[in-house]
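These notes concern the structure reproduced below.
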Amino acid sequence: MTIRDARREAGLTQASLASRMGVPQSVVARLERPGSNPTWETMERALDACGKQISVQARPALSSIDDTLVAQHLRIPAGERIRNLTTSYAATREIALAGARSRGELA
């Protein structure tokens, strides 16, 4: 939630929020601008003046790794995985060489 959202939900004007925070209205306007980066304390003060509280929750980060895919590959015997990798490398190398030839980098 942004300071602007909290202020509007509380039915406050920038001037009334500023009064509750003990700051000039221009400070509230600056805090509501896109890209403003208030400190934790300032955010807490502004939200408190709007009748809100900051709540922080720690949860495990989502992994970008597909564990089921990893498990599936680990079920393939090591020798077969190495052969697959060797085949993939050879094919990739051929594509790279073809590109170099087409650009005239190889004779």
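The values are calculated or read from the model by the stated rules, or taken from the named source; none is laboratory data. Predicted model, so just to flag it, every value in this text is computed and none were measured. Cβ coordinates were reconstructed from backbone atoms using ideal geometry, including for glycine residues, and neighbour counts include every protein chain displayed.
In table form, for the structure just shown:
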quantity	calculated
Selection within the stretch 2-16 - farther than 17 Å from Thr39 by Cα and either in a helix (DSSP H, G or I) or among the basic types (Lys, Arg) (or both)	Asp5, Arg7, Arg8, Glu9, Gln14, Ala15, Ser16
Residue under evaluation Thr68, criteria (1) over 15 Å from Arg4 (Cβ atoms); (2) over 23 Å from the mean Cα position of the chain (by Cα); (3) surrounded by 10 or more Cβ atoms within 10 Å (Cβ to Cβ), criterion not met	(3)
Matching residues in the stretch 75-89 - criterion: being surrounded by 10 or more Cβ atoms within 10 Å (Cβ to Cβ) and in a helix (DSSP H, G or I)	Arg81, Ile82, Arg83, Asn84, Leu85, Thr86, Thr87, Ser88, Tyr89
Some residue of the stretch 48-57 being hydroxyl-bearing (Ser, Thr, Tyr) and touching a Lys or Arg at 6+ places or on another chain (Cβ under 9 Å)	no
Tally of residues being under 12 Å from Thr2 (Cα atoms) and either in contact with a Pro (Cβ under 7 Å, 6 or more places away or on another chain) or among the hydroxyl-bearing types (Ser, Thr, Tyr) (or both) across the stretch 12-41	2
Residue tally, condition assigned to a helix (DSSP H, G or I) and more than 21 Å from Thr13 (Cβ to Cβ), over the stretch 26-71	7
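For every residue, the table says whether it meets (1) at positive phi; (2) among the aromatic types (Phe, Trp, Tyr); (3) surrounded by fewer than 10 Cβ atoms within 10 Å (Cβ to Cβ); (4) modelled with pLDDT of 95 or more.
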| site | (1), (2), (3), (4) |
| --- | --- |
| Gly11 | yes, no, yes, yes |
| Leu17 | no, no, no, yes |
| Lys52 | no, no, no, yes |
| Leu62 | no, no, yes, no |
